[in-house]
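Engineer: Shown below is the structure under consideration.
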Amino acid sequence: MKKEVKIVVPTNYSAVTLKKYLRIQKDLNDYSDNKEAQDAFLVWNLCGLTPEITNALDNETLQSIVVDLQGFLSKTDFELQRIVDINGVKYGFEPNLAKMSYGAYLDLTRFKDIGIDENWSSIMSILYRPITQKRGALYDIEPYKGEEPKNKDMWLDVNMDVHFGCFFFFNRISNLLLKDTLNSSKETLVTEVNHPFIHTIFQKSGEAIHQLFR
C-alpha cells in the first residue's frame, strides 16, 4: 500500500533556528566522509523527513531536494538586524562598537574562535541587550553587567537570518579594519591583526556556511 508524503522544503534561513543549525553542523561533521548520510541528515533536519521516508525516496527526488536546500544554505548576503523582537521584548545591537564597554569587549575576546558554534548564543547575548529607550532610529540598551547571560538560550530559537546578519557584519568590519591597517605602519599592522578578536574573525569568516558542503 502506497503512502503519500507531503514534502515541505524551506527556501530561506528564516525557517532555520540556531538550535537546528547547530544540530545540522554536528550531523554533517559526524558523517563528513559519507556524502549520502550527509544528504539524508540535511533532509531530515530541514524537511522533517525520517530516515525511513528518506531511504524510500528515489535518488533523483532526493538530489532535487538537496539541490533546493543548497540554494539557500550557501547564501551570504545577510544584513545586520539592529533590533530583534524575542517574546515581546526588543533587543538592540550594540549601538556604538567604538564605545563598547571594556567588560563586554573582554568577554568577547575570551572566545578562542568567533564562529557560529555552541558559544554563539553567549556572543549574541553580549552584543544584543534589551532596549531601554528609543528615539526614532536611535536607541539605548541596558548596560553590560559582565556576568553569564541568563537569557542566552533564547537565542537558540532565533532564526539564522538574524544570526548570520550579525556574523557577517563582523566579517565586514574585520575587512575594513584590515584595509585600514594596510595603510598604516608595519608595526601597527602586526598589532591589529594579531589581536585575538580580530584574528579569529578573519579565521572564521564564512566557515560556518562552507562547512555544510565539505
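Engineer: Look at SER121 and say whether it is under 17 Å from ASP161 (Cβ atoms), among the polar types (S, T, N, Q), touching a residue at least 60 places away in the same chain (Cβ under 8 Å) and out of contact with any Lys or Arg (no Cβ under 9 Å at 6 or more places or on another chain). Spell out how you get there, then give the answer.
Structural biologist: On the way: under 17 Å from ASP161 (Cβ atoms): yes; among the polar types (S, T, N, Q): yes; touching a residue at least 60 places away in the same chain (Cβ under 8 Å): yes; out of contact with any Lys or Arg (no Cβ under 9 Å at 6 or more places or on another chain): no.
Judged against the criteria, SER121 is not a match.
Engineer: Continuing with the same structure: List the pairs whose first member sits in the range 42-65 and is more than 13 Å from VAL5 (Cβ to Cβ) and without any contact (Cβ under 8 Å) to a residue 24 or more places away in the chain, whose second member is among the hydrophobic types (A, V, I, L, M, F, W, C) and assigned to a helix (DSSP H, G or I), and whose Cβ atoms are under 7 Å apart, counting only residues at least 6 apart or on separate chains?
Structural biologist: PRO51/ALA40; PRO51/TRP44
Engineer: If I filter the range 104-113 for residues that are more than 27 Å from ASP140 (Cβ to Cβ), touching a residue at least 40 places away in the same chain (Cβ under 8 Å) and in the same structural domain as THR132 (by TED's automatic domain parsing), do I get at least one hit? Steps first, please.
Structural biologist: Step one: filter the range 104-113 for residues more than 27 Å from ASP140 (Cβ to Cβ), giving 112-113.
Going one step further and asking which of them are touching a residue at least 40 places away in the same chain (Cβ under 8 Å), we end up with 112-113.
Those left that are additionally in the same structural domain as THR132 (by TED's automatic domain parsing): 112-113.
So far as the range 104-113 goes, yes, one or more of its residues are more than 27 Å from ASP140 (Cβ to Cβ), touching a residue at least 40 places away in the same chain (Cβ under 8 Å) and in the same structural domain as THR132 (by TED's automatic domain parsing).
Engineer: For the range 56-67: of the residues being over 16 Å from PRO10 (Cα atoms) and either assigned to a helix (DSSP H, G or I) or not assigned by TED's automatic domain parsing to the domain that holds LEU46 (or both), which is farthest from the chain's Cα centre (by Cα)?
Structural biologist: Of all residues in the range 56-67, those over 16 Å from PRO10 (Cα atoms) come to 56-60.
Filter once more, so that each one left must be either assigned to a helix (DSSP H, G or I) or not assigned by TED's automatic domain parsing to the domain that holds LEU46 (or both): 56, 59-60.
Details: ALA56: 32, ASN59: 31, GLU60: 31 Å.
Result: ALA56.
Engineer: Can you tell me which residues in the range 135-153 are of a type in the set (D, E, K, R) and either within 23 Å of THR109 (Cα to Cα) or touching a residue at least 24 places away in the same chain (Cβ under 8 Å) (or both)?
Structural biologist: Just the residues of the range 135-153 that are of a type in the set (D, E, K, R), to begin with: 135, 140, 142, 145, 147-148, 150, 152-153.
Passing the criteria: ASP140, GLU142, LYS145, GLU147, GLU148, LYS150, LYS152, ASP153.
Engineer: Considering only residues that are more than 20 Å from SER74 (Cβ to Cβ) and not aliphatic (A, V, I, L, M), look in the range 37-59 and name the one that is surrounded by the most Cβ atoms within 10 Å (Cβ to Cβ).
Structural biologist: THR54
Engineer: Against the definition (of a type in the set (A, V, I, L, M, F, W, C), outside the structural domain of GLY115 (by TED's automatic domain parsing) and either assigned to a loop (DSSP other than H, G, I, E, B) or exposed (fewer than 12 other Cβ atoms within 10 Å of the Cβ) (or both)), how does LEU28 come out, yes or no? Give the steps one after another, and end with the answer.
Structural biologist: Numbers: of a type in the set (A, V, I, L, M, F, W, C): yes; outside the structural domain of GLY115 (by TED's automatic domain parsing): yes; either assigned to a loop (DSSP other than H, G, I, E, B) or exposed (fewer than 12 other Cβ atoms within 10 Å of the Cβ) (or both): no.
Judged against the criteria, LEU28 is not a match.
Engineer: With respect to LYS35, is the statement that it is of a type in the set (D, E, K, R), at pLDDT 85 or above and touching a strand residue (DSSP E or B) at 6+ places or on another chain (Cβ under 7 Å) true? Explain how you work it out, then say what you get.
Structural biologist: Numbers: of a type in the set (D, E, K, R): yes; at pLDDT 85 or above: yes; touching a strand residue (DSSP E or B) at 6+ places or on another chain (Cβ under 7 Å): no.
So LYS35 fails the test.
Engineer: Additional query: Give the range 109-130 a look and list any residue that's out of contact with any Pro (no Cβ under 8 Å at 6 or more places or on another chain) and surrounded by fewer than 19 Cβ atoms within 10 Å (Cβ to Cβ), or say none.
Structural biologist: Within the range 109-130, ARG110, PHE111, ASP113, ASP117, GLU118, ASN119, PRO130 meet the criteria.
The values are calculated or read from the model by the stated rules, or taken from the named source; none is laboratory data. Small disclaimer: the values here were computed from a predicted structure and weren't measured. Every residue, glycine among them, receives a Cβ derived from its backbone with ideal geometry; neighbour counts consider all protein chains shown.
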